[in-house]
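The values are calculated or read from the model by the stated rules, or taken from the named source; none is laboratory data. The model shown is predicted, which means the values in this text are computed figures rather than measured ones. Neighbour counts run over all protein chains shown; Cβ positions are idealised from the backbone, glycine included.
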């Protein structure tokens, strides 16, 4: 039989709260790397600073629109939910990224342009540093298959047998493949590279010339020039074509590890080639990152490590199916910013609009690649500076000052509660302590799951939330005093006071949560962290009030010792009620007389 309105079984509610605490701390200590500390923001623990210098293909100054778009995309990549504590600011034509901690490689990777393309491999890959005719080494493994729920349709690291000539139909303008003899000096890049035109004042001639010369050599439609490019390409040096390669032309490039060189077919037919049919996928995949609808990192279903699963849009899935059907037993390279991520062999046509990229990724590498592809390509290419360690911007002294301010505020709340509510004040202190226990575990888990970092703005949000939590207690306790003034006992007053105060508590917390949510949506930077912690504390306040404070008050009301009016702090309310009733009774007797 259910208890009357306002009557509860306190043990049941307290047991639920204990289970929540046990579950949270089990996740804290049994998951992650064993660390039970929340992540700290830049202002508390310092971080890593990387400057990204924008560059365009022609060496011109990037536009304001392109820079702002790049900054917004990087903020989405690094911040995720907007609470990781990272900062992305513009400094002229540069973007300065500061992330908490010492993850310099992760910070550099934020500037990756992430232009994905699928290119057919022409011939066989060759080891970096070896002449193009050397074919003895095995290229890096990779797979491109249907989703893990279906059997893989491509093999890893198994290029088709070949003497160096391409399989199937040759790409247009590449019918003559590189011979085993390097071309004469007449085909050297210096004779084929176009002269750099005079640049306007806002163009960096050095950058423009470097990119144009690399294109003339490594994206030539002349097979002999491509052979020379494969011979001269140094995979250990920075690639000027990173993010600047022309998708309508062939490409000579390296894999991401710098171990092999590839000659790749164009992604799209040349614009001037009017003979290519729209349904010709024997040489052109026509697939880029814009055809991808989603990307996610998962365990490799065919072995150890991790893969990135891609879901194509409707049109992209049609292109992928047509391309794989036209290139069975041919190798296809998954190219990210001009670098080959993997180059598997197509064993059969793949339909269904999904595939996967594998390249011996670690979990972090797979997650970074998936996020980069999912959030989109940057409108500019960037060169990353060396990572610099940044000391805490506010330092330990500011942290100590903030903690002291919070401690003083808590102490004043405790003193007030003990003086005004006595036993109920002790329950208030206990509820706040249990709330802090839950908040600490949630902070640790959020740091692991969404990268939440605690900074001084977040600490300020928690300090403000103390007042919101204490306000919920006060609403309940004052309603309880009102019931006692009306002549009810402590025990009978608790259920009635809870029913009448519950709606007020829910309304007040709803207003606070909405305010925090609106602030989070419209704010930027550290203000988001303040709004996030304020909203989170408001939600946890309801958990504590419903599962701890109300049950503890109900238990105290059933104890003869704890319900003593002088101990519970309700004696004054009882006396006020008795005096008011006596006065009212006296006035009524006089009127009747």
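Report whether or not residue 511 is farther than 28 Å from residue 412 by Cα and at pLDDT 90 or above.
no
Tell me which residues, restricted to region 404-419, are surrounded by 14 or more Cβ atoms within 10 Å (Cβ to Cβ) and touching a residue at least 24 places away in the same chain (Cβ under 8 Å).
Across region 404-419, the qualifying residues are 406, 409, 410, 413, 417.
Quick check, is residue 465 in contact (Cβ under 8 Å) with a residue 60 or more places away in the chain, farther than 26 Å from residue 22 by Cα and crowded, with 16+ Cβ neighbours inside 10 Å?
Spelling it out, it is not the case that residue 465 is in contact (Cβ under 8 Å) with a residue 60 or more places away in the chain, farther than 26 Å from residue 22 by Cα and crowded, with 16+ Cβ neighbours inside 10 Å.
Could you list all residues from region 293-311 that are out of contact with any strand residue (DSSP E or B) (no Cβ under 8 Å at 6 or more places or on another chain) and within 18 Å of residue 351 (Cβ to Cβ)?
Scanning region 293-311 gives no hits.
Failed condition for residue 257, given (1) buried (at least 23 other Cβ atoms within 10 Å of the Cβ); (2) part of a loop (DSSP other than H, G, I, E, B), with all others met?
For residue 257, the failing item is (1).
Residue under question is residue 399, and the condition is that it be in a helix (DSSP H, G or I) and surrounded by 18 or more Cβ atoms within 10 Å (Cβ to Cβ); does it hold?
Here the answer is yes, as residue 399 does meet what is asked.
So is residue 422 assigned by TED's automatic domain parsing to the domain that holds residue 556 and more than 37 Å from the chain's Cα centre (by Cα) or not?
The answer is yes for residue 422.
Do we find that residue 437 is surrounded by fewer than 21 Cβ atoms within 10 Å (Cβ to Cβ), assigned by TED's automatic domain parsing to the domain that holds residue 502, within 27 Å of the chain's Cα centre (by Cα) and at pLDDT 85 or above in this structure?
Answer is yes for this residue.
Of these, 169, 206, 242, which one is within 30 Å of residue 360 (Cα to Cα), at pLDDT below 85 and out of contact with any helix residue (DSSP H, G or I) (no Cβ under 6 Å at 6 or more places or on another chain)?
Result of the check over 169, 206, 242: 242.
Quick one: in region 281-291, of everything that is closer than 17 Å to residue 373 by Cα and modelled with pLDDT under 85, which residue is surrounded by the most Cβ atoms within 10 Å (Cβ to Cβ)?
289
Might you check whether a residue that is assigned by TED's automatic domain parsing to the domain that holds residue 366, in a strand (DSSP E or B), surrounded by 17 or more Cβ atoms within 10 Å (Cβ to Cβ) and touching a helix residue (DSSP H, G or I) at 6+ places or on another chain (Cβ under 9 Å) occurs anywhere in region 263-270?
For region 263-270, residues assigned by TED's automatic domain parsing to the domain that holds residue 366, in a strand (DSSP E or B), surrounded by 17 or more Cβ atoms within 10 Å (Cβ to Cβ) and touching a helix residue (DSSP H, G or I) at 6+ places or on another chain (Cβ under 9 Å): present.
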